[in-house]
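J.: Sending over a structure as structure tokens; questions will come in a sec.
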Amino acid sequence: MIKSDICSLLGIKYPVIQGGMAWIADSSLASAVSNAGGLGIIGAGRNTPENVRKEIKRAKELTDKPFGVNIMLLSDNAEEVAKIVCEEGVKVVTTGAGNPGKYMEMWKQHGVVVIPVVASVALAKRMERSGADMVIAEGCEAGGHIGELTTMALVPQIVDAVNVPVIAAGGIGDGRGMAAALMLGAKGVQVGTRFLVAHECTVHEKYKQKVIDAKDIDSVVTARSTGHPVRVLRNKLTREFVNLEKQYASSEEIEKLGAGALRKAVVEGDVDTGSVMAGQIAALVKKQESCEEIILDLVEGAKKVISNLNGDVLV
Ligand code: TUI
């Protein structure tokens with residue numbers, strides 16, 4: 001059995017957290033992951049506070065297990081959603097794309113377990129000082145908004161820099177990736193792209209198919225020049241981004257091209273001019289499965305490679 005401190009801290013069976021993917025991770029996906037023994041996360045993204053509250057209420061009906069909400073800090077609604085999680089008694093908050101420092105005190109007062117996603121040692125240390133219970137160290141193999149460092153380089157540096165448990169994210173899609181993360185000192189993993197194609201994920205079928213069809217080199221990073229780089233699968237939209245960036249277009253112009261593009265792909269299934277956010281591990285994701293099958297494959301796969309390690313590499 002693979003277990004760690006984070007299982008008791010979060011009240012979960014397996015140290016597997018589902019990424020709080022904006023527009024994608026709703027109550028259906030989050031409750032399925034929590035029911036299967038992981039930690040399901042509702043991604044608030046840029047959704048309205050009313051819709052996020054509805055999703056939280058629905059998740060409570062679908063599972064009696066703990067689940068969390070991811071707050072995307074670039075959203076204009078971040079502050080309101082930060083309050084809603086307290087009002088609704090949500091057990092866990094993860095954050096992304098910024099520094100959640102100003103909300104920490106409120107969350108701690110309400111007994112929320114706070115797990116910021118960080119992409120640097122400096123932010124990890126700052127978050128620990130402000131009372132974070134754990135941190136998710138996310139490498140730039142991840143889909144969506146990313147930092148600069150890879151998971152391989154980032155995780156051990158953050159493990160050495162903080163005393164709170166570290167969860168690894170970015171590029172983890174099977175038991176081998178999970179085992180590698182544990183070897184780097186992580187106490188668990190956060191997985192996004194593989195859960196995106198889960199039966200219980202309500203993302204448009206064309207989005208799932210694009211992830212399943214992706215090859216190793218099919219993900220690219222757009223909008224680097226704006227300071228908010230985003231990893232997505234190649235399509236007509238990414239070619240337009242390249243053209244704009246080649247012409248040294250302004251950040252406003254580049255961000256305008258990206259506005260609403262994620263929703264367009266997720267909800268409308270427009271995978272040509274929409275933004276198909278996915279991680280570099282997409283090529284390893286070959287079929288749709290249930291959340292339970294995904295979690296068991298991650299955990300059993302990790303156990304298998306760890307127990308075979310001696311025979312394989314030590315003489
Ligand atoms: O947040 C994510 N991934 C996301 S958010 C998102 S929605 C979006 N849509 C369009 C444009 C931009 C975002 C899609 N994917 N992952 C967590 C994450 N956070 N990765 C990296 C970071 C990060 C980066 C820099 C966190 C903090 C940071 O610096 C903050 C500071 O103040 O130092």
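J.: (1) touching a Gly at 6+ places or on another chain (Cβ under 8 Å); (2) farther than 22 Å from Ala180 by Cα; (3) among the aliphatic types (A, V, I, L, M): which one isn't true of Ala302, the others all being true?
T.: (2)
Each row is one residue, and each column tells you yes or no for (1) among the polar types (S, T, N, Q); (2) at pLDDT 95 or above.
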| site | (1), (2) |
| --- | --- |
| Ser251 | yes, no |
| Gln280 | yes, yes |
| Ile295 | no, yes |
| Val299 | no, yes |
| Leu309 | no, no |
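J.: Moving on to the next point. Answer yes or no: is there a residue in the stretch 148-169 that is open to solvent by less than 10 Å² (accessible area, probe 1.4 Å), among the small types (Gly, Ala, Ser) and in contact (Cβ under 8 Å) with a residue 40 or more places away in the chain.
T.: Looking for residues that are open to solvent by less than 10 Å² (accessible area, probe 1.4 Å), among the small types (Gly, Ala, Ser) and in contact (Cβ under 8 Å) with a residue 40 or more places away in the chain, one finds at least one in the stretch 148-169, hence yes.
J.: Quick one: would you say Lys83 is more than 20 Å from Ala137 (Cβ to Cβ), more than 16 Å from the ligand (Cβ to nearest atom), modelled with pLDDT of 95 or more and in a loop (DSSP other than H, G, I, E, B)?
T.: no
J.: Select, from Asp133, Asp213, Asp174, Asp218, the only residue that is touching a Lys or Arg at 6+ places or on another chain (Cβ under 6 Å) and acidic (Asp, Glu).
T.: Answer to the check: Asp218.
Yes or no, residue by residue, for (1) in a helix (DSSP H, G or I); (2) modelled with pLDDT of 95 or more; (3) surrounded by fewer than 20 Cβ atoms within 10 Å (Cβ to Cβ); (4) of a type in the set (A, V, I, L, M):
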residue: Ala179; (1), (2), (3), (4): yes, yes, no, yes
residue: Tyr207; (1), (2), (3), (4): yes, yes, no, no
residue: Lys215; (1), (2), (3), (4): no, yes, yes, no
residue: Val220; (1), (2), (3), (4): no, yes, yes, yes
residue: Ser225; (1), (2), (3), (4): yes, no, yes, no
residue: Tyr248; (1), (2), (3), (4): no, no, yes, no
residue: Ala265; (1), (2), (3), (4): yes, yes, no, yes
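J.: Further question on the same structure: Which one is farthest from Val203 (Cα to Cα), of the residues in the stretch 1-29 that are more than 16 Å from the ligand (Cβ to nearest atom), small (Gly, Ala, Ser) and at pLDDT 95 or above?
T.: For the stretch 1-29, the residue satisfying everything is Ser8.
J.: Sticking with this one: Does Thr63 satisfy the condition of being polar (S, T, N, Q) and in contact (Cβ under 8 Å) with a residue 60 or more places away in the chain?
T.: For Thr63, the condition - polar (S, T, N, Q) and in contact (Cβ under 8 Å) with a residue 60 or more places away in the chain - is not met.
J.: Could you say which residue among Gly274, Gly260 is open to solvent by less than 20 Å² (accessible area, probe 1.4 Å) and within 16 Å of the ligand (Cβ to nearest atom)?
T.: Gly274
J.: May I ask you to say which residue of Asn35, Asn47 is surrounded by fewer than 24 Cβ atoms within 10 Å (Cβ to Cβ) and within 15 Å of the ligand (Cβ to nearest atom)?
T.: Result of the check over Asn35, Asn47: Asn47.
J.: I would also like to ask the following. Sort out which residues of the stretch 116-131 are in contact with a helix residue (DSSP H, G or I) (Cβ under 7 Å, 6 or more places away or on another chain) and either more than 9 Å from the ligand (Cβ to nearest atom) or on the phi > 0 side of the Ramachandran plot (or both), and write them in order of number.
T.: Val121, Ala124, Lys125, Ser130, Gly131
The values are calculated or read from the model by the stated rules, or taken from the named source; none is laboratory data. Because the structure is a prediction, the values reported are computed rather than measured. We place every Cβ from the backbone using ideal geometry, glycine too, and count neighbours over all the protein chains shown. Heads up: the accessible areas ignore ligands, DNA and RNA and are worked out on the full protein's heavy atoms, side chains in. Shrake-Rupley method; radii C 1.70, N 1.55, O 1.52, S 1.80 Å.
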